[in-house]
Amino acid sequence: MAITSAVCTSFKQELLVGTHNFTATSGNTFKLALYTSSASLGAGTTAYSTSNEITNSSGTAYTAGGSALTSVTPTTDSTTAVCDFADLSFTNASFTANGCLIYNDTNSDKACVVVAFGGDKTVSSGTFTIQFPTADATSAIIRLA
């Protein structure tokens, strides 16, 4: 099993039929869930699943389903549409994660983007932060060219 970074194929089609609304004030709620290296996630992922989702040994920082993303900011950079989120931190955390899934919590937990961390990332009684890249045509976490 492996986690492979990808924009989910189902998400691409769902954008064309209006399934996902990224409007900051009245749009859908998007969440980020963390997974172990045993997870099998990639372009074919269609929805959030608890299978091989991480567990938090300290019991306070991470709950099943992950956390809501904030500052959903769709915009354009030249001819590319991009989306950005505020960085997400889990404090007082103790776990190991290998990747994550961004999904639409409002709309049947439909998968949007899978991100592989390039290996296990471990935190022990500390802060685990997902830092999103610059929202531009070459780096944004979600970009449509």
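Among the conditions (1) modelled with pLDDT under 95; (2) farther than 23 Å from Asn52 by Cβ; (3) of a type in the set (Gly, Ala, Ser), Ser124 misses just one, which is (2).
Within the stretch 92-104, is there a residue that is touching a residue at least 40 places away in the same chain (Cβ under 8 Å) and touching a Ser or Thr at 6+ places or on another chain (Cβ under 6 Å)? Yes: the stretch 92-104 contains one or more residues that are touching a residue at least 40 places away in the same chain (Cβ under 8 Å) and touching a Ser or Thr at 6+ places or on another chain (Cβ under 6 Å).
Against the test of being touching a residue at least 12 places away in the same chain (Cβ under 8 Å) and either of a type in the set (A, V, I, L, M) or under 23 Å from Ser71 (Cβ atoms) (or both), the options Leu16, Leu41 yield a single qualifying residue, Leu41.
The set of residues in the stretch 19-36 that are among the β-branched types (Val, Ile, Thr) and in contact (Cβ under 8 Å) with a residue 40 or more places away in the chain comprises Thr19, Thr23, Thr29, Thr36. Against the list (1) at pLDDT 95 or above; (2) over 17 Å from Ile141 (Cα atoms), the condition Ser94 fails is (1).
Residues in the stretch 33-64 that are modelled with pLDDT of 95 or more and of a type outside the set (A, V, I, L, M, F, W, C): 15 in all.
When you scan the stretch 2-13, do you find a residue that is closer than 23 Å to Thr129 by Cα, among the β-branched types (Val, Ile, Thr) and not in a loop (DSSP other than H, G, I, E, B), even just one? Within the stretch 2-13, one or more residues are closer than 23 Å to Thr129 by Cα, among the β-branched types (Val, Ile, Thr) and not in a loop (DSSP other than H, G, I, E, B).
Across the stretch 1-13, the number of residues qualifying as closer than 18 Å to Cys83 by Cα and touching a residue at least 40 places away in the same chain (Cβ under 8 Å) comes to 6. Can you confirm whether the stretch 70-83 contains a residue that is of a type outside the set (Val, Ile, Thr) and under 24 Å from Gly119 (Cα atoms)? No, because not a single residue in the stretch 70-83 is of a type outside the set (Val, Ile, Thr) and under 24 Å from Gly119 (Cα atoms). The residue that is farthest from Lys110 (Cα to Cα), among those in the stretch 25-74 that are in contact with a Cys (Cβ under 8 Å, 6 or more places away or on another chain) and among the β-branched types (Val, Ile, Thr), is Thr73. Where strands (runs of 3 or more DSSP E) sit wholly within the stretch 36-134, those with at least 2 residues that are surrounded by 17 or more Cβ atoms within 10 Å (Cβ to Cβ) occupy 80-84, 88-104, 110-130.
The values are calculated or read from the model by the stated rules, or taken from the named source; none is laboratory data. Please read all numbers here as calculations on a predicted model, not as lab measurements. Every residue, glycine as well, gets a Cβ built from its backbone with ideal geometry; the counts of neighbours run over all protein chains shown.
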